[in-house]
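S.K.: Sending over a structure as structure tokens; questions will come in a sec.
The values are calculated or read from the model by the stated rules, or taken from the named source; none is laboratory data. This structure is a prediction, so every number in the text was calculated from the model and none was measured. Reconstructed Cβ throughout: ideal geometry from the backbone, glycine too, with neighbour counts over all protein chains shown. What goes into the accessible areas is simple: the full protein's heavy atoms, side chains included, and nothing from ligands, DNA or RNA. Shrake-Rupley method; radii C 1.70, N 1.55, O 1.52, S 1.80 Å.
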Amino acid sequence: MAIREIRVIPDPVLRTPCEEITVIDDRVRSLVEDLVETVDHDGRAGLAANQIGVSLRAFSWNIDDEIGYVLNPKIVELSEDEYQDGDEGCLSVPGLWYPTKRAWYARVEGIDLDGNKVVVEGTELMARCLQHEVDHLDGHLYLDRLERATRKKAMRELRESL
């Protein structure tokens, strides 16, 4: 196991959609160990594989003292009538927090290291994390979801910080 370095914008791996995991081998087991160990720090809610430079569909979470992971996650349900618009940040976009509209509830389905079906669901912070991490695996950053004026401000601040 290893705590891995977090890739930050403008690293192209963050904009590359991740490949589905088709074989669970030692490489994938090692990836999960690294994801779980790397997310296990204060201030870290979630971590997608591409944030540590691996373009495979896997992420870990650290919400309310629960740490877990899911392989090949797909969002299968989002609340349609209830939203949240609190500030969101990202380990790959350090120091920048902006109001980001997300569904209040989210449910993700995927598999574990034994190939068993996994369902992860939650509201508020957990829902935000699930949506944020699946976005990463699809090659998107939370900045892409900002309202136009906020995104413009965020991109200016980002350029100034690089």
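S.K.: Run the simple label-point estimate for residue 67 and residue 87 please: 7 Å along Cα→C-beta, distance reported in nm.
M.R.: Computed distance between label sites residue 67 and residue 87 equals 2.6 nm.
S.K.: GNM, the chain, Cα, under 10 Å: largest mean-square fluctuation among 44, 57, 128?
M.R.: The residue with the greatest mean-square fluctuation here is 44.
S.K.: Determine the principal axes of the Cα atoms in the chain, then give the extent along each, sorted from largest to smallest and rounded to whole angstroms.
M.R.: For the chain, the Cα spread along each principal axis is 45, 37, 27 Å.
S.K.: Output wanted: per-residue J couplings in Hz (rounded whole) for region 134-145, from phi through Karplus 6.51 cos²θ - 1.76 cosθ + 1.60, θ = phi - 60°, x for Gly and Pro.
M.R.: So the J values, rounded to whole Hz, are 5, 4, 3, 5, 8, x, 10, 10, 4, 4, 5, 9.
S.K.: Another question, then. Going through region 65-162, which GluC sites (Glu not before Pro) have at most 14 other Cβ atoms within 10 Å and a DSSP loop state?
M.R.: 80, 82, 147
S.K.: Let me ask something else. Percent of accessible area on the chain owned by carbon and sulfur, 1.4 Å probe?
M.R.: Carbon and sulfur: 45 percent of the exposed surface of the chain.
S.K.: Continuing with the same structure: Once you've got the GNM for the chain with C-alpha springs shorter than 10 Å, pick whichever of 98, 142, 69 has the biggest mean-square fluctuation.
M.R.: Evaluated over the chain, the most mobile residue of the options is 98.
S.K.: Let me have the relative contact order for region 1-128, percent, based on Cα pairs under 8 Å that are six or more residues apart.
M.R.: 21
S.K.: Please report, for the Cα atoms of region 1-54, the Rg to one decimal and the Dmax as a whole number; what are they, in angstrom?
M.R.: When restricted to Cα atoms, region 1-54 yields Rg and Dmax of 11.4, 32 Å.
S.K.: Give me, ordered by chain and number, the residues 5 or more places off residue 118 or on other chains with an amide H under 5 Å from its own placed amide H.
M.R.: The answer is 110, 111, 112.
S.K.: Something else: With θ set to phi - 60°, apply the Karplus curve 6.51 cos²θ - 1.76 cosθ + 1.60 along region 148-156 and write out the HN-Hα couplings as whole Hz, x wherever there is a Gly or Pro.
M.R.: So the J values, rounded to whole Hz, are 3, 5, 5, 5, 4, 5, 5, 5, 5.
S.K.: Kindly write out, for region 6-13 in residue order, the coupling ³J(HN,Hα) from the Karplus curve 6.51 cos²θ - 1.76 cosθ + 1.60 (θ = phi - 60°), rounded to whole Hz, with x marking Gly and Pro.
M.R.: Computed from phi, the couplings for region 6-13 are 8, 6, 10, 4, x, 3, x, 4 Hz.
S.K.: Additional query: Tell me which residues come under 5 Å, amide H to amide H, from residue 53 once H is placed; ignore anything under 5 positions away on its chain.
M.R.: HN-HN under 5 Å from residue 53: 7.
S.K.: Using modelled backbone amide H atoms (1.01 Å from N, in-plane), which distant-in-sequence or interchain residues come within less than 5 Å of residue 83's amide H?
M.R.: Result for residue 83 returns 104.
S.K.: Specify the inter-centroid distance of region 1-15 and region 55-106, based on alpha-carbon positions, in whole Å.
M.R.: Comparing the Cα centres of region 1-15 and region 55-106, I get a distance of 17 Å.
S.K.: For region 95-162, rounded, prolate or oblate, judged on the Cα gyration tensor with a ≥ b ≥ c (square roots of eigenvalues), a/c < 1.5 rounded, else prolate if a/b > b/c?
M.R.: Note, shape of region 95-162 comes out prolate.
S.K.: Related question: I'd like the FRET efficiency for residue 111 and residue 8, computed as 1/(1 + (r/R0)^6) with the beta carbon distance as r and R0 of 41 Å, rounded to 0.05.
M.R.: Calculated value: 0.90.
S.K.: Just the number please: accessible area per residue for region 1-89, 1.4 Å probe, all protein chains included, in Å².
M.R.: Per residue, region 1-89 has an accessible area of 55 Å².
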